[in-house]
Every structure is written in C-alpha cells, then in structure tokens.
Amino acid sequence: MSDFKTQLTEAQLATLRGGYSRTVMDAVATQIVSGPYPPSAGLTAFAGDRFYNDAPPTLSPANRERCLLALFVGGRRPTFAVAVHIYWALMEGVAVDEIAEIILLATLYSGLDVLTDGNRTLTLTLTVLGQAADAGGDAVKPGTLLPQIVAKFRT
C-alpha cells in the first residue's frame, strides 16, 4: 500500500482545484441532499446560508471540512459522506496528510474499526480523484465529480 501523501500528485491536485467551483459544489451538494425529498430544502438552505454560501463564515471552509470529517468518520457515517467531504476538504486546501491525521484522531475516540474504514475510504477517494484529474476537462468539475463520488460509495 502506498503512503496517502503520494497517492495523489500535486499536479493532479492542481487539476482538481482548477476545475473546482465552490458555488457549483454548493448547488450540486444541495441537490443531492434535498432533491429526493423537497420538503427538506429549508433545512439544506439554512445549512447553505450559515456554513457554505458566501455569507461571512465563522468557520473557514477548510475548518468546516475538518470538523465534518472528524464527525463523519467518528460517527460512522456512510462512506459516501466521508468521501464527499474528503474531496471537499482537499478542494478547500486541507492536505492529504492532515485528513489522514483527522481520521486517526477520530479513531482514538471511536474505535479501531474506524481507522480501517476511514483509511479505506481515503484511499479509494484519492484513487477516484486521481482518475478524474488524469481525465481532466469536465471530469474535474463538481457537477460531474460529486455525483460520481456519491455513486462510487453508495453500493
């Protein structure tokens, strides 16, 4: 197994970040979350307005993603949620080794199985992101990439 830090190259990460749009990411994520049940749109609108949209945040987008990764990993959330927030954290400037450290910290308080699941999710997410970066073009845009990540982990 390779070190997480070498699994996604700086060039691949730059390609992914070049295709990233916070506005598109917010819109796609909102659709994925509230689309299946439209009455939940008010709750997702609140979350978007408070934590994701252009309102001045108390938490930076990177710190928001650090918190969510720790909560999702430690809370044993579905792997697609962890994978989405690994991607989102990377796009917001959180380093791969920091994500691995967040998974490790969550493990200390949640159990060893969390480390195994978290590391597997990180590895597979980095693989998916690397493939998208290598493909380039629309493959690195949130509108294409986010649904692909969700589909990969919702099995």
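I'd like the full set of residues that are touching a residue at least 12 places away in the same chain (Cβ under 8 Å), part of a helix (DSSP H, G or I) and not aliphatic (A, V, I, L, M), limited to the range 122-136.
Applying the first criterion (touching a residue at least 12 places away in the same chain (Cβ under 8 Å)) to the range 122-136 yields 122-130, 132-134, 136.
With the extra rule that they be part of a helix (DSSP H, G or I), the set shrinks to 122-130, 132-134.
Matches in the range 122-136: T123, T125, T127, G130, D134.
M1 satisfies every condition listed in (1) among the hydrophobic types (A, V, I, L, M, F, W, C); (2) under 24 Å from A133 (Cα atoms); (3) modelled with pLDDT of 90 or more except (3). For G19, state whether it is of a type in the set (G, A, S), over 16 Å from A81 (Cβ atoms), in contact with a helix residue (DSSP H, G or I) (Cβ under 9 Å, 6 or more places away or on another chain) and buried (at least 16 other Cβ atoms within 10 Å of the Cβ). For G19, the condition - of a type in the set (G, A, S), over 16 Å from A81 (Cβ atoms), in contact with a helix residue (DSSP H, G or I) (Cβ under 9 Å, 6 or more places away or on another chain) and buried (at least 16 other Cβ atoms within 10 Å of the Cβ) - is met. Among the numbered conditions (1) farther than 16 Å from V150 by Cβ; (2) within 16 Å of the chain's Cα centre (by Cα); (3) at pLDDT below 95, the only one that D26 does not meet is (1).
Would you check if there is a residue in the range 107-121 being among the hydrophobic types (A, V, I, L, M, F, W, C), touching a residue at least 60 places away in the same chain (Cβ under 8 Å) and part of a helix (DSSP H, G or I)? Full working, then the answer.
Narrowing the range 107-121 to residues among the hydrophobic types (A, V, I, L, M, F, W, C): 108, 112, 114-115.
Filter once more, keeping what is touching a residue at least 60 places away in the same chain (Cβ under 8 Å): none.
So far as the range 107-121 goes, no, none of its residues is among the hydrophobic types (A, V, I, L, M, F, W, C), touching a residue at least 60 places away in the same chain (Cβ under 8 Å) and part of a helix (DSSP H, G or I).
How many residues does the range 22-40 hold that are surrounded by fewer than 18 Cβ atoms within 10 Å (Cβ to Cβ), of a type in the set (G, A, S) and either under 20 Å from G143 (Cα atoms) or touching a residue at least 24 places away in the same chain (Cβ under 8 Å) (or both)? Qualifying residue count for the region: 2. For the range 41-62, residues that are in a helix (DSSP H, G or I), among the charged types (D, E, K, R) and loosely packed, with under 12 Cβ neighbours inside 10 Å total 1. If you go through the range 97-116 and keep only what is under 15 Å from the mean Cα position of the chain (by Cα) and either farther than 21 Å from T9 by Cβ or crowded, with 20+ Cβ neighbours inside 10 Å (or both), you end up with I99, I102, I103. Within the option set G75, G136, being surrounded by fewer than 21 Cβ atoms within 10 Å (Cβ to Cβ), under 16 Å from E10 (Cβ atoms) and in contact with a helix residue (DSSP H, G or I) (Cβ under 8 Å, 6 or more places away or on another chain) holds for one residue only, G136.
The values are calculated or read from the model by the stated rules, or taken from the named source; none is laboratory data. Just so it is clear, the model here is predicted, and its values are computed rather than measured. Note: ideal-geometry Cβ built from the backbone for every residue, glycine included; neighbour counts use all protein chains shown.
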